[in-house]
C-alpha cells in the first residue's frame, strides 16, 4: 500500500514539475514563475524581449488596460480559491509576460512589505498552475508585458460593474 502511495505521489510531483516549466532554446528548461530578484539575468532578458506594454496592446486606453489587468487578477483570485489558497490580504508586485496569442509565458512576483505573511512558495506553485491554464482574450502582433501591483481581494470597476 505504501509503495502504491509513493508511486502515486512521485507521478503527481513529476507531472506538476513538467507543467511548471517551459522549454527554452536548445532543449533548455526554464521556470515559468519566479520571484523578482531570483534570476536577474533572465528577468532582464524577458523585459527586453517582451517590451510591448499592455497599455499599447489596449490601444493606449488606460481604462481598457486597467480593466484587462483587473479581470486577470480576479481570474487569478478565483483560481487560487479553487486551489484552496486564501489570498485575502496578499499584496504583490507582479510582472506578467504574455505571448502574442494571449497565453502567459512567465510571471515574476514579489510580496510587498505590508502583505499578509504566508508561504509564498505555495503561491509560486499555484501561479505555475494558473500560467498553464490561463488564456487572455488579448492578442497582439508582438509579445507584451505589464508590471503592476495587486492586492487581494480584487475590487475594480470591471469586476463589480460600472459606476453610476
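Mind checking which helices (runs of 4 or more DSSP H) fall wholly inside the range 23-117 and carry at least 3 residues that are farther than 22 Å from residue 144 by Cβ and at pLDDT 95 or above? Talk me through it step by step, then tell me what you get.
Working: elements: 40-49, 54-57, 62-82.
Passing ranges, in order: 62-82.
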Filter pass, residue 145 being modelled with pLDDT under 95, touching a helix residue (DSSP H, G or I) at 6+ places or on another chain (Cβ under 9 Å), under 19 Å from residue 70 (Cα atoms) and surrounded by 13 or more Cβ atoms within 10 Å (Cβ to Cβ) = no
Would you mind stating whether residue 87 is buried (at least 20 other Cβ atoms within 10 Å of the Cβ) and under 13 Å from the mean Cα position of the chain (by Cα)?
-> no
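The values are calculated or read from the model by the stated rules, or taken from the named source; none is laboratory data. Treat the numbers as computed from the prediction; the structure is a model and nothing was measured. Reconstructed Cβ throughout: ideal geometry from the backbone, glycine too, with neighbour counts over all protein chains shown.
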